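What follows is a short report on a single structure.
The values are calculated or read from the model by the stated rules, or taken from the named source; none is laboratory data. Predicted model only: the values in this text are computed from it and were never measured. The area values use the complete protein model at the heavy-atom level, side chains included, leaving out ligands, DNA and RNA. Shrake-Rupley method; radii C 1.70, N 1.55, O 1.52, S 1.80 Å.
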Amino acid sequence: MDDEKLILILKICIGIGIGLLLLGHYVISYSGIPETMGPAGMAIGAGCVAFGLIFSLPTKMYLTFLLVKRENTQDNHLDNS
């Protein structure tokens, strides 16, 4: 798998993660599900937040690593020219 496809997949994972974070926040804060369902409603919201974090944080770190690596190789090419 080349870098472009991998970066696209990671960006999709970030989008899914942010969407799940927002969904979990909405479920816990505004929807009223925790009041009607009790602990199960809180577990649904907390699960959305947890999976959102799982999807978003590692991919952001990996993309940052790729960008720093790319920047360093470009700087090396400029220094050697």
*With every protein chain in place, what's the accessible area of Tyr62 (1.4 Å probe, Å², nearest 10)?*
90 Å²
*asked:* Sort Ser31, Ser56 by heavy-atom solvent-accessible area, probe 1.4 angstrom, most to least.
replied: Ser31, Ser56
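When the chain is fully extended, how far beyond the present Cα-Cα distance does Glu71 get from Ile12, taking 0.36 nm per residue of separation?
Values: separation 59, 0.36 × 59 = 21.24 nm, distance 2.27 nm.
Net length gain for the segment: 19.0 nm.
Return the equivalent ellipsoid semi-axes of the chain as a descending list in whole Å, where each equals the square root of 5 times an eigenvalue of the C-alpha gyration tensor.
Details: eigenvalues 319, 21, 12 Å².
Semi-axes, largest first: 40, 10, 8 Å.
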*Between 0 and 90°, nearest 10: helix 3-29 axis offset from the chain longest Cα axis*: 20 degrees
